[in-house]
Amino acid sequence: MQEFILRPASRADVNAIAAVMRESVEQFGPAAYTEHQVASALTFICRPDEQLIDDGTYFVAIIDAEIAGCGGWSRRQKVYSGSAASNGEDALLDPATDAARIRAMFVRPRWARRGIGRAILQHSESRAAAEGFRRLQLVAMRSAGTLYESCGYRAVREAPITLEDGVVLECTLMEK
């Protein structure tokens, strides 16, 4: 297996992170979503959340100077990547009562199933725990739920996301 380096993302990585997101949705999305849903996700979800980068809670896996995967966690209200904004999404969560958010996990298809997503997820979980969070929560796209289940997350309820163009992506709220 190819070795990778995990490091915090920087603003200089934004374009490369967006490319990873797009490749992942283009390749894995059609197995779970319609062509129209995939096109909408490419437009509205495949945008790095720079707040995560600025917070130091977003990470990239590097193989041969290329970003092979990305993902992180958040101490803020917002639950998924993309351009949609809502009131209070930048508000800080309380580690004593709230679940940290696992956010924007994507792997380039050619590097899939090599432990990159799992490593980013576990690193994010340990960083959130170091800040006092005892619970984790995420909104999983249909194409990614098996990774989370294998890492101990359980489905809580359906959590569809309505994108800016009105397209609905069926997703699942999961917790650990």
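The values are calculated or read from the model by the stated rules, or taken from the named source; none is laboratory data. The structure displayed is predicted, hence computed values, not measured ones. Counting neighbours? That spans all protein chains shown, and the Cβs are built from the backbone with ideal geometry, glycine included.
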Among the residues of the range 31-40, which ones are part of a helix (DSSP H, G or I) and modelled with pLDDT under 95?
-> ALA31
Does ALA100 fit the bill of being surrounded by 18 or more Cβ atoms within 10 Å (Cβ to Cβ), farther than 19 Å from PHE28 by Cα and at pLDDT 95 or above?
-> yes
Of all residues in the range 110-125 being small (Gly, Ala, Ser) and under 18 Å from MET174 (Cβ atoms), which is modelled with the highest pLDDT?
-> SER124
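Residue-by-condition table, conditions (1) at pLDDT 95 or above; (2) out of contact with any Gly (no Cβ under 6 Å at 6 or more places or on another chain); (3) within 17 Å of ALA159 (Cβ to Cβ):
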| site | (1), (2), (3) |
| --- | --- |
| TRP73 | yes, yes, no |
| LEU92 | no, yes, no |
| ARG108 | yes, yes, no |
| ALA129 | yes, yes, no |
| ARG142 | no, yes, yes |
Looking at ILE53, is it part of a helix (DSSP H, G or I), touching a Lys or Arg at 6+ places or on another chain (Cβ under 8 Å) and touching a residue at least 24 places away in the same chain (Cβ under 8 Å)?
-> yes
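Of the residues that sit in the range 144-158 and are surrounded by fewer than 18 Cβ atoms within 10 Å (Cβ to Cβ) and not in a strand (DSSP E or B), which one is modelled with the lowest pLDDT?
Among those that are surrounded by fewer than 18 Cβ atoms within 10 Å (Cβ to Cβ) and not in a strand (DSSP E or B), it is GLY145.
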In the range 126-176, which residues are under 15 Å from the mean Cα position of the chain (by Cα), farther than 19 Å from GLN37 by Cβ and of a type in the set (Gly, Ala, Ser)?
-> ALA128
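Would you call ARG47 surrounded by 14 or more Cβ atoms within 10 Å (Cβ to Cβ), under 13 Å from the mean Cα position of the chain (by Cα) and assigned to a helix (DSSP H, G or I)?
Here the answer is no, as ARG47 does not meet what is asked.
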Kindly check whether there is at least one residue in the range 162-169 that is modelled with pLDDT under 95 and of a type in the set (S, T, N, Q).
-> yes
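Taking the condition within 23 Å of ALA119 (Cβ to Cβ), surrounded by fewer than 18 Cβ atoms within 10 Å (Cβ to Cβ) and out of contact with any Asp or Glu (no Cβ under 7 Å at 6 or more places or on another chain), does ALA16 pass?
Here the answer is yes, as ALA16 does meet what is asked.
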